[in-house]
Amino acid sequence: MAFYYRRPRTNGAPSVGGPSVRAAGGKAGAATLAAALQALRGPFIVADLETTGLSTATCEILEFAAVRVGAAGTLEREYTQVVRTRGPVPPFISRLTGITQAEVDRDGVPVAQAFSSFLDFVEDLPVFFHNASFDRRFLGAAADQTGLPFANSTHCTLALARRAWPELPSHKLEILARHVGASNPTHRALADVRTTVAVALAAGSRLAAG
């Protein structure tokens, strides 16, 4: 999960098809926190996108990944797919993620196919992302491009982590991974999803305990 270009501190954008958890006070913050904690009882999805940059106007989804987490907190199934982007993979993205143009040419599928498979995988379950507003923007762009709606409720593990561990100097995924004893993120979507699962469950346990 690439904090390098997509982790601005925001209060969250409106969800694509559902509510999001964000760092907000008052009744709205309490309601979104309660919804996230309820969703963490499972089953739920944790997902991540790798992209070719920041802007949905000029950049593309490069990789989808998702994990289905069961009611006991166990990882039940995984999905990952590289996308055959229309433009070339920028060299700095290849250096960061390890996703090369050769891999995209060899293993990539059109975004409509990858997005459809992603939607089949997540079904109607709640979906958690780390910094969900970023991923929702790209999923919204994919929905507009393909005509396939993404209507799942979404929640943000970045917001959960800020609530759970306000004392931390940063809530980047790699720092949270060290804090909860999870595997280090690698900037490949599936590896980052596995780390985010551990962060989500740890944050949920801490917040549920009060």
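Tabulated data
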| item | result |
| --- | --- |
| DSSP beta bridge pairing in segment 32-209, given as percent antiparallel to the nearest 5 | 70 percent |
| In sequence order, calculated HN-Hα J values of segment 28-33 (Karplus, 6.51, -1.76, 1.60; Hz; x Gly/Pro) | 5, x, 5, 5, 5, 5 |
| Percent accessible area from carbon and sulfur atoms, the chain, protein chains only, probe 1.4 Å | 54 percent |
| Estimated 222 nm signal from helices in the chain, with DSSP H stretches of n ≥ 4 weighted -39500 (n - 2.57), rounded to 500 | -13500 deg cm²/dmol |
| Net charge of neighbours whose Cβ lies under 11 Å from the Cβ of ILE93, counting Lys and Arg as +1 and Asp and Glu as -1 | -2 |
| Whether segment 32-209 is rounded, prolate or oblate, judged on the alpha carbon gyration tensor where a/c under 1.5 counts as rounded | prolate |
| Cα-projected label distance for SER170 with LEU96, points at 7 Å along beta-carbon direction, nm | 1.4 nm |
| Derived scalar couplings ³J(HN,Hα) [segment 61-78; Karplus, 6.51 cos²θ - 1.76 cosθ + 1.60; whole Hz; x for Gly, Pro] | 5, 9, 7, 9, 8, 7, 10, 8, 10, x, 4, 8, x, 8, 7, 8, 8, 10 |
| For segment 156-210: accessible area per residue (Å², 1.4 Å) | 41 Å² |
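The values are calculated or read from the model by the stated rules, or taken from the named source; none is laboratory data. Keep in mind the model is a prediction, meaning the values are calculated, not measured. In this analysis, Cβ positions are derived from the backbone assuming ideal geometry, glycine residues included, and neighbour counts consider all displayed protein chains. SASA here: full protein model, heavy atoms, side chains in, ligands and nucleic acids out. Shrake-Rupley method; radii C 1.70, N 1.55, O 1.52, S 1.80 Å.
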